[in-house]
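A short write-up of the structure that comes next.
The values are calculated or read from the model by the stated rules, or taken from the named source; none is laboratory data. Computed from a prediction, not measured in an experiment: that's the story for all the values here. As a convention, Cβ positions derive from the backbone with ideal geometry for all residues, glycine included, and neighbour counts pool all protein chains shown.
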Protein chains: 2
Amino acid sequence: MTGRLTVIGLGPGSASQVTPEAASAVRAAREFYGYKPYLDRLDLADGQIRHASDNREEISRAEAALARAAEGIDVAVVSGGDPGVFAMAAAVCEAIEAGPDKWREIELTIIPGVTAMLAVAARIGAPLGHDFCAISLSDNLKPWELIERRLDAASKAGFVIALYNPISKARPWQLGKAFELLRGNLPASTPVIFGRAAGRTDERIEIFSLGEADAGKADMATCVIIGSPETRLLRRKGSQPLVYTPRYATEASR
Amino acid sequence: MTGRLTVIGLGPGSASQVTPEAASAVRAAREFYGYKPYLDRLDLADGQIRHASDNREEISRAEAALARAAEGIDVAVVSGGDPGVFAMAAAVCEAIEAGPDKWREIELTIIPGVTAMLAVAARIGAPLGHDFCAISLSDNLKPWELIERRLDAASKAGFVIALYNPISKARPWQLGKAFELLRGNLPASTPVIFGRAAGRTDERIEIFSLGEADAGKADMATCVIIGSPETRLLRRKGSQPLVYTPRYATEASR
């Protein structure tokens, strides 16, 4: 008897940004695994069961969910944003590969969502309007030297850069170090966006220049977007500036 | 008298992937500008007006929408996927910057959506589970040499690569050339995904190896995802393989 496992992307945080497909998957599942703040967003019915776990326990959470699905239960794993971007979909795949054969027979469905960088970008203009990359700044699961190499390559090749997991209590210096490296490759005037809780009531979206960007103003829920040399800041009377990267690129980056 | 302009992301194509926020913005607007296949997805009421335009007319479409909004009309511009990713949000910002001062006073709202690469990734596993980039392969608005430089930098630095606008009648050779370049930097076994119409009834998602990937099988609506050296293919009994990129990276790419 094999159940189902659905990995659900709940979007950036506002109920208005949860897709009908995700809402329907929440109604259909019986037991829910996830980081507590994501589970807290769900409006569950009687008989639907929550299994909350801590932020850094992705693999044990995935294993627990798979084991329960293998018993024939309809299980959901919930992620904020999109589950495929630095989130639970990869952790579930890792656990399937390392786990017992029968986990490969579980019916696995992944429901995409609006990931943080898209929600933040939409609130400020179109900073991701041209070639861009997404980098997790966490060196828990990869060497810091690799992160530095990727920041260096991306900024030199003219990609806009979205940083996920920019900072945490256990990783206090990495974002400052990233800005330091990027200042060597990009103009000090390059727009940098700190976006937090986009679309929610506690939203905070701020624009700085790379020269003045202060890592201390970010926290673990911030998505940081760093422009390319083509990214433009457009001032407007009576409303916040727009930050956007044009669709065209006339000059090659270095 | 200044109206409003809302740039709406309709997601990959299925109504179940349109956010409530986007659906509500569609109900609120009076006149709609967009590429015809996107307008065709809308279920409009009496009195709501469509202005269809062709695929490559982004700037004139943005200008027409802004001019109408400046007259006090509630206008919407619709995009498939997310409007901030190689789509109308940047075109609208470009038109505002180049246009008359009063366009800067228009109330501009951008509604994010599920962009193609997220929808395709969700159908196949978690290929974007680690650092990745998105590149438009169209050389209509940037030199081909710049695209090659970015493909080279991204593949050497270990990014998964999502290609938008991979091929069209006017641009028949670029995707083949991109594969050729990438074969020089990545193992022939690297998984390559061709994803078309994810989540729709005519969905077609196929996995190839980089060594055998045939550009002729893509069309302009295909999103192509090329793995990194870390991307894994996980075979399963009775269902399609999973393609995923683990959250960890133990080895540095070259």
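Couple of notes before you dig in:
- Odd one out for B:Val85 among (1) more than 26 Å from A:Leu233 (Cβ to Cβ); (2) buried (at least 24 other Cβ atoms within 10 Å of the Cβ): (1)
- Some residue of region A:33-41 being at the interface with chain B (Cβ under 9 Å from one of its Cβ atoms) and not in a loop (DSSP other than H, G, I, E, B): no
- Residues located in region B:95-139, provided they are part of a helix (DSSP H, G or I) and within 22 Å of B:Arg61 (Cβ to Cβ): B:Ala95, B:Ile96, B:Glu97, B:Ala98, B:Asp101, B:Lys102, B:Trp103, B:Arg104, B:Glu105, B:Ala116
- Leading residue by the ranking (surrounded by the fewest Cβ atoms within 10 Å (Cβ to Cβ)) among those in region A:239-254 that are touching a Gly at 6+ places or on another chain (Cβ under 8 Å) and more than 23 Å from A:Thr115 (Cα to Cα): A:Ala252
- Per the conditions (1) in the same structural domain as B:Arg232 (by TED's automatic domain parsing); (2) crowded, with 24+ Cβ neighbours inside 10 Å, the sole criterion not satisfied by B:Ile110 is (1).
- Considered as a group, the residues in region B:95-107 that are touching a Phe, Trp or Tyr at 6+ places or on another chain (Cβ under 9 Å) and either touching a residue at least 40 places away in the same chain (Cβ under 8 Å) or not charged (D, E, K, R) (or both) include one that is farthest from the other protein chains (Cβ to nearest Cβ), and that residue is B:Ala95.
- Only one of A:Arg149, A:Arg50, A:Arg61 that is under 21 Å from the mean Cα position of the chain (by Cα) and farther than 22 Å from B:Ala122 by Cβ: A:Arg149
- For region B:215-238, the criterion of a residue being crowded, with 22+ Cβ neighbours inside 10 Å and in contact with a His (Cβ under 9 Å, 6 or more places away or on another chain) is satisfied by at least one position.
- The set of residues from region A:69-94 being more than 11 Å from chain B (Cβ to nearest Cβ), more than 25 Å from A:Ala198 (Cα to Cα) and either of a type outside the set (D, E, K, R) or out of contact with any strand residue (DSSP E or B) (no Cβ under 8 Å at 6 or more places or on another chain) (or both) comprises A:Ala69, A:Ala70, A:Glu71, A:Gly72, A:Ile73, A:Val75.
- Filter pass, B:Glu148 being free of Cβ contacts under 8 Å to residues at least 24 places away in the same chain and assigned to a helix (DSSP H, G or I): no
- Failed item in (1) crowded, with 22+ Cβ neighbours inside 10 Å; (2) at the interface with chain B (Cβ under 10 Å from one of its Cβ atoms), with A:Thr190 passing the rest: (2)
- Looking only at residues in region B:1-20 that are under 19 Å from the mean Cα position of the chain (by Cα) and of a type in the set (Gly, Ala, Ser), the one that is farthest from the other protein chains (Cβ to nearest Cβ) is B:Gly13.
- Condition met for B:Ser60 (within 11 Å of chain A (Cβ to nearest Cβ), small (Gly, Ala, Ser) and assigned to a helix (DSSP H, G or I)): no
- Candidates B:Gly13, B:Gly47, B:Gly72: the one that is in a loop (DSSP other than H, G, I, E, B), small (Gly, Ala, Ser) and closer than 23 Å to A:Leu10 by Cβ is B:Gly13.
- Any hit, region B:177-194, residues being farther than 28 Å from A:Ile135 by Cβ and of a type outside the set (Lys, Arg): no
- Scoring B:Arg123 on the criteria (1) outside the structural domain of B:Val18 (by TED's automatic domain parsing); (2) buried (at least 24 other Cβ atoms within 10 Å of the Cβ); (3) in contact (Cβ under 8 Å) with a residue 60 or more places away in the chain leaves a single failure, condition (2).
- Scope region A:132-145; condition without any contact (Cβ under 8 Å) to a residue 60 or more places away in the chain, within 23 Å of B:Leu118 (Cβ to Cβ) and at the interface with chain B (Cβ under 7 Å from one of its Cβ atoms); matching residues: A:Cys133, A:Ala134, A:Ile135, A:Ser136, A:Leu141, A:Lys142
- In region A:167-179 there is no residue matching the filter, namely being within 11 Å of another protein chain (Cβ to nearest Cβ), within 22 Å of the chain's Cα centre (by Cα) and in contact (Cβ under 8 Å) with a residue 24 or more places away in the chain.
- Among the residues listed as A:Arg123, A:Arg149, the single one being among the basic types (Lys, Arg) and either closer than 22 Å to A:Asn185 by Cβ or at the interface with chain B (Cβ under 7 Å from one of its Cβ atoms) (or both): A:Arg149
- Screening B:Gly199, B:Gly195 for residues that are among the small types (Gly, Ala, Ser), under 18 Å from the mean Cα position of the chain (by Cα), within 14 Å of chain A (Cβ to nearest Cβ) and not in a loop (DSSP other than H, G, I, E, B) leaves exactly one candidate, B:Gly195.
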